[in-house]
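**Student:** Take this structure first; my questions come after.
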Amino acid sequence: MKFIHTADIHLGCQPDRGFPWSKERSLDILSAFREFIEACRKEHPDLLLIAGDLFHRQPTPVELKEVNSLFADIPDIPVVLIAGNHDCIRPGCSLTEFSWAPNVTLLSGAEPETVSFDRLNTVVHGFSYHSREIREPLCDGLTAPKDGNFHILLAHGGDETHIPFDKKRFAASGFSYTALGHIHKPEFSETGRYGFPGSLSPLDLTETGTHGYLVGELNRDGEGESLTLCFTPLPSRSYIPCQVKVTEKTTNQTLFQTLGKFMKQYGPSNMYKVTLNGKRDPHLVFNEEYLRTAGRIISFRDHTVPSYYIDELLMSHRNDIIGDYITAFLPDGKEESLTDPVRLKAFYYGLDALLSNFDTDTGES
């Protein structure tokens, strides 16, 4: 029995609010889901499992119709879904009142429910959120019957406030597979019999790396069962780290060109987390506002320090406040001894301020 497992699509989410490309990102999420449905059509699994947070919030009737039309385009593939903490079930909400396509089953109860697929010798178990938080370990006590069927559990959680659980218990629960949601990075184990597919499309700058879905296959050999799982990437925009080594020769213009080349290489429609490292000209101030115009820079971190020659400064200022300041931070006079990056940054900030205001006549700042 072949299945496809996804979760955390978050339709309706608008990432990167405040940035010019934010509205496009909302469309990216919808496009990724449409491409996912097309991939399901091509792979034609026996089951499509959605482990919560299909929507980022309570969907409107119009949003439900749009999604349902995509499900209706794969009428031969049964779809089973649950509501997660973001699209949790509320009294009178559209999710439960909506008339889904015949191939769609929403397990909307707060207690475990089941849907059986006799042709597949498969039973899917699952329950939905009815509040934004569930602190009880509701999955830990669940077990599957030994009746010759494949039993799959749909669940959403994995942290202290959203159904905490011990992943080691899944293999002993009797379920053939536990299809999980809520954690936005892929993680799966064939021996542990569980999987998180991660978010289908990245939702914020912390979600770097590849995104996609899980494809699994359950087989029965005699009295035993075997499970195979593989992660399938889905093309989407990405949040890409961009580390730039700065030198004394770096200027705002050369840095702008470097950033532009990097973004051209990895795709101008992606978002970039820029971090500057190294030693810069002591008199240079990087113009972040200007540099951000090089592309879609979602975060900008300047970890550079001024390029001072400490030994020369000590020789020139051994009898004034600057020499005293340096030896207070660096008793041995060696910059390498200051391993704490926060203290190193503080040292250079202070040194820069002292040098900028130093009076050569009085030897004071």
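The values are calculated or read from the model by the stated rules, or taken from the named source; none is laboratory data. The structure presented is a predicted model; accordingly, all values stated were derived computationally and were not measured. Here Cβ is always computed from backbone atoms with ideal geometry, including for glycine, and neighbour counts include all displayed protein chains. We work out accessible area using only protein heavy atoms, side chains counted, and drop any ligands, DNA or RNA first. Shrake-Rupley method; radii C 1.70, N 1.55, O 1.52, S 1.80 Å.
**Student:** By how many degrees, 0 to 90 and rounded to 10, does the Cα axis of helix 22-43 deviate from the longest principal axis of the chain?
**Tutor:** Relative to the chain, helix 22-43 is tipped by roughly 40 degrees.
**Student:** If contacts are Cα pairs under 8 angstrom and at least 6 residues apart, what is the relative contact order of the chain in percent? Display every interim value, and only then the final one.
**Tutor:** Numbers: 736 pairs, mean separation 43.9, N = 365.
Once divided by the residue count of the chain, the mean separation gives 12 percent.
**Student:** Go from 0 up to the bin containing the longest alpha carbon distance in region 49-127, width 5 Å each, and give me the % of pairs per bin.
**Tutor:** Going out from 0 Å in 5 Å bins, region 49-127 shows 3, 15, 26, 28, 18, 8, 2 percent.
**Student:** Additional query: Given a 10 angstrom Cα cut-off, can you work out which residue in 305, 67, 285 is the most mobile in a GNM of the chain?
**Tutor:** 285
**Student:** Can you tell me the length gained on complete extension of the stretch residue 114 to residue 17, counting 0.36 nm per residue apart and subtracting the Cα distance?
**Tutor:** Values: separation 97, 0.36 × 97 = 34.92 nm, distance 3.90 nm.
My answer for the length gained is 31.0 nm.
**Student:** Test of understanding: what is the full-extension gain from residue 249 to residue 146, defined as 0.36 nm times their sequence separation minus their Cα-Cα distance?
**Tutor:** 30.1 nm
**Student:** Of all the accessible heavy-atom surface of region 34-131, with the other protein chains kept in place and a 1.4 Å probe, what percent is carbon and sulfur?
**Tutor:** Working: 2080 of 4190 Å².
Carbon plus sulfur share of accessible area: 50 percent.
**Student:** Another question, if that's okay. Can you give the angle from 0 to 90° between the axis of helix 61-72 and the longest principal axis of the chain, with both taken from C-alpha atoms, to the nearest 10?
**Tutor:** Rounded to the nearest ten degrees, it is 70.
**Student:** Would you mind calculating the gained length between residue 66 and residue 93 on full extension (0.36 nm times residue separation, minus the Cα-Cα distance), in nm to one decimal?
**Tutor:** Values: separation 27, 0.36 × 27 = 9.72 nm, distance 1.68 nm.
That works out to 8.0 nm of additional length.
**Student:** Continuing with the same structure: If a/c stays under 1.5 just call it rounded; otherwise compare a/b with b/c (prolate if a/b is bigger, oblate if not). Do that for region 1-145, with a ≥ b ≥ c from the square roots of the Cα gyration tensor eigenvalues.
**Tutor:** Verdict is oblate for region 1-145.
**Student:** Return one whole number: the accessible area per residue of the chain in Å², for a 1.4 Å probe.
**Tutor:** Averaged over the residues of the chain, the accessible area is 49 Å².
**Student:** Viscosity 0.692 mPa s, temperature 37 °C: Stokes-Einstein D of region 124-187 from its Kirkwood Cα radius, in µm² per second?
**Tutor:** In µm²/s, the coefficient is 267.
**Student:** Gaussian network model of the chain, Cα springs within a sub-10 Å range: biggest mean-square fluctuation belongs to which of 275, 327, 96?
**Tutor:** It is 327.
**Student:** Something else about it: What Rg and what Dmax come out for region 1-50 when only alpha-carbon atoms are used, in angstroms?
**Tutor:** Spelled out, the Cα radius of gyration and Dmax of region 1-50 are 13.6, 45 Å.
**Student:** For region 156-169, take each phi angle, set θ = phi - 60°, evaluate the Karplus expression 6.51 cos²θ - 1.76 cosθ + 1.60, and give the result in whole Hz per residue in order, putting x for glycine and proline.
**Tutor:** Running phi through 6.51 cos²θ - 1.76 cosθ + 1.60 with θ = phi - 60° gives 9, x, x, 10, 4, 9, 9, 6, x, 8, 9, 4, 5, 7 Hz.
**Student:** Sticking with the crude label model, points 7 Å out along Cα→Cβ, report the distance from residue 220 to residue 357 in nm, one decimal please.
**Tutor:** 8.0 nm
**Student:** Pairs 2/185; 65/185; 42/167; 273/345; 2/146: which exceed 24 Å Cα-Cα?
**Tutor:** Values: 2/185 22 Å; 65/185 29 Å; 42/167 32 Å; 273/345 20 Å; 2/146 20 Å.
Violating the 24 Å limit, Cα to Cα: 65/185; 42/167.
**Student:** Against the longest alpha carbon principal axis of the chain, how many degrees, from 0 to 90 and to the nearest 10, is the axis of helix 341-356 turned?
**Tutor:** 30 degrees
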